[in-house]
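What follows is calculated from the coordinates using simple rules that are stated; it is not laboratory data. This structure is a prediction, so every number in the text was calculated from the model and none was measured. Positions of Cβ are generated from backbone atoms using ideal geometry, with glycine treated the same way; all protein chains shown enter the neighbour counts.
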Amino acid sequence: MTFWETITGSDLTREWKAFEARAEALPDDYRAAWGQVVAHLFPYGDFTGRNLMPILDAGLGLLEMAAVDGQSVQEVLGDDIGGFCTALAGGEGARTYRDRWREQLNRNVAKKLSRLGG
Amino acid sequence: MDDLTEMLKGTLEGCVLEIIGSEETYGYAITRQLNELGFADVIEGTVYTILLRLERNGLVQVTKRPSGVGPPRKFYALNEAGHEELAKFWAKWQYVSSRINRLKESGR
């Protein structure tokens, strides 16, 4: 990753285009499922969404493989796409914007409290 | 048998380890094997997330092989840490199942 790419995220746009092209090649029901996976994974993204790229790649890879094997979306993801996405993103150390908000809040509260105490 | 998912949750990882332990294999085949075993409602997505976890925890060796059709397949084999984890799983399973069976028998 070059400095320019870090700042502009231009490499992400390129990666995202590649994901879209791969998703285009999927059967209709798979493409719909992919849309849901993306929507469910979105909250796990950091500011640029860079941390999501490997996770999205894994999810899309599974859908591609399953489509080739001729499985139904139901057989692959079941009813609980949200649960699948949590498992996919979980443990990856995918820090979300929520984590940062929480930290910021904790820090501010701690600061206020220490001021009161001091 | 339906609705086994909740009960299976803690043990499915061990089952997947056992399957990979006997031969190098891939996600779809593992799911099929579990289905044939009688765990009909295990879906590939579940197995896949278990495989990712095993990979992250350094218990498996992953090889990408071209699949003829479509993208390359990921094949999984146990490494040394994986074999150790599998042995631990069976020891725990032995403990839990023997205690539960004892409970059931003493209740009669």
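Determine the gain in length on full extension of the stretch A:Glu5-A:Leu105; use 0.36 nm per residue of separation and subtract their C-alpha separation, reporting nm with one decimal.
Extra length from A:Glu5 to A:Leu105 when fully extended: 32.9 nm.
B:Glu55 to B:Lys9: extension gain in nm, 0.36 nm per residue of separation minus the Cα-Cα distance?
Stretched out fully, the B:Glu55 to B:Lys9 stretch lengthens by 14.7 nm.
Can you give me the pair-distance distribution of chain B, C-alpha pairs, 10 Å bins, whole percents?
Reading the bins upward from 0: 13, 41, 31, 11, 3, 1.
How much mean residue ellipticity at 222 nm does chain B get from its helices, if each DSSP H run of length 4 or more adds -39500 (n - 2.57) and you divide by all residues, to the nearest 500 deg cm²/dmol?
Here the helix-only value at 222 nm equals -21500 deg cm²/dmol.
In segment A:30-72, what chymotrypsin sites (Phe, Trp or Tyr not before Pro) fall in a loop by DSSP, with at most 16 other Cβ atoms inside 10 Å?
Filter output for segment A:30-72: A:Phe47.
Cα-based Rg of the protein assembly as shown per 2.2 N^0.38 Å, rounded to two decimals?
Normalised Cα radius of gyration, the protein assembly as shown: 1.23.
Considering all alpha-carbon pairs of segment A:3-65, what whole percent are spaced by more than 15 angstrom?
Every Cα pair in segment A:3-65 considered, those over 15 Å come to 51 percent.
Could you give the alpha-carbon Rg of chain A over 2.2 N^0.38 Å, rounded to two decimals?
With N residues counted in chain A, Rg over 2.2 N^0.38 Å equals 1.37.
Just to be sure I understand: with springs between alpha-carbon atoms less than 10 Å apart, which residue in B:Gly45, B:Gly70, B:Gly14 has the highest mean-square fluctuation in the Gaussian network model of chain B?
Of B:Gly45, B:Gly70, B:Gly14, the Gaussian network model singles out B:Gly70 as fluctuating most.
Can you give me the relative contact order of segment A:1-97 as a percent, contacts being Cα pairs under 8 Å and 6 or more apart?
Normalised by residue count, the contact order of segment A:1-97 is 35 percent.
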